[in-house]
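**Q** Below: one structure in structure tokens.
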Amino acid sequence: MEAIIIQPKDQDDLKFFVEMAKRLGAKFKTLDELQDEQLLSRMLQNAETNEIAKSDVIATLKSMANEDPSPYNED
């Protein structure tokens, strides 16, 4: 499935796009929600093993700090 990313200029535009998506019946997530889900997924993977790559931790932290935004994908 393809997705689009819309970066609204302010909070009012964000509310507009969220409302429009709801009315159209489209599934949507904010980038923050997506990053939280990806971080949780990696944390759960780590809970199953005793190791996680340092590069994965640093990449996730950088992404959360918006220094290096992660691509929009579903992990």
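**Q** List the lysines whose Cα lies under 17 Å from the Cα of LYS54, skipping any in the same chain that are fewer than 8 positions away.
**A** Within the straight-line cut-off, LYS54 pairs with LYS62.
**Q** Relative to the first principal axis of the alpha-carbon coordinates of the chain, what is the inclination of helix 31-48, with its axis defined by its Cα atoms, in degrees from 0 to 90 and to the nearest 10?
**A** Between the helix axis and the principal axis of the chain, the angle is about 20 degrees.
**Q** Given region 2-52, report the % of alpha carbon pairs whose separation exceeds 13 Å.
**A** Working: 864 of 1275 pairs.
Of all Cα-Cα pairs in region 2-52, 68 percent lie more than 13 Å apart.
**Q** Let me ask something additional. I need the calculated FRET efficiency for the pair PHE17 and ALA53, taking r as the beta carbon distance and R₀ as 25 Å, to the nearest 0.05. Show your work: numbers first, answer last.
**A** Numbers: r = 35 Å, r/R0 = 1.41.
For PHE17 and ALA53, the calculated efficiency is 0.10.
**Q** Something else about it: Projected onto the charge dipole of the chain (+1 at Lys/Arg Cβ, -1 at Asp/Glu Cβ, origin at the Cα centre), which of LEU61, PHE16, ASN46 gives the Cα projection farthest towards the positive end?
**A** Result: PHE16, furthest along the dipole toward the positive end.
**Q** So how tilted is helix 54-64 from the main axis of the chain? Cα-based, degrees 0 to 90, rounded to 10.
**A** Result, in degrees: 20.
Only the coordinates and a few stated rules stand behind these numbers; no lab work does. Remember, predicted model here, so these are calculated numbers, not experimental data. Because the Cβ atoms are built from the backbone with ideal geometry, glycine has one as well, and the counts that use them run over all protein chains shown.
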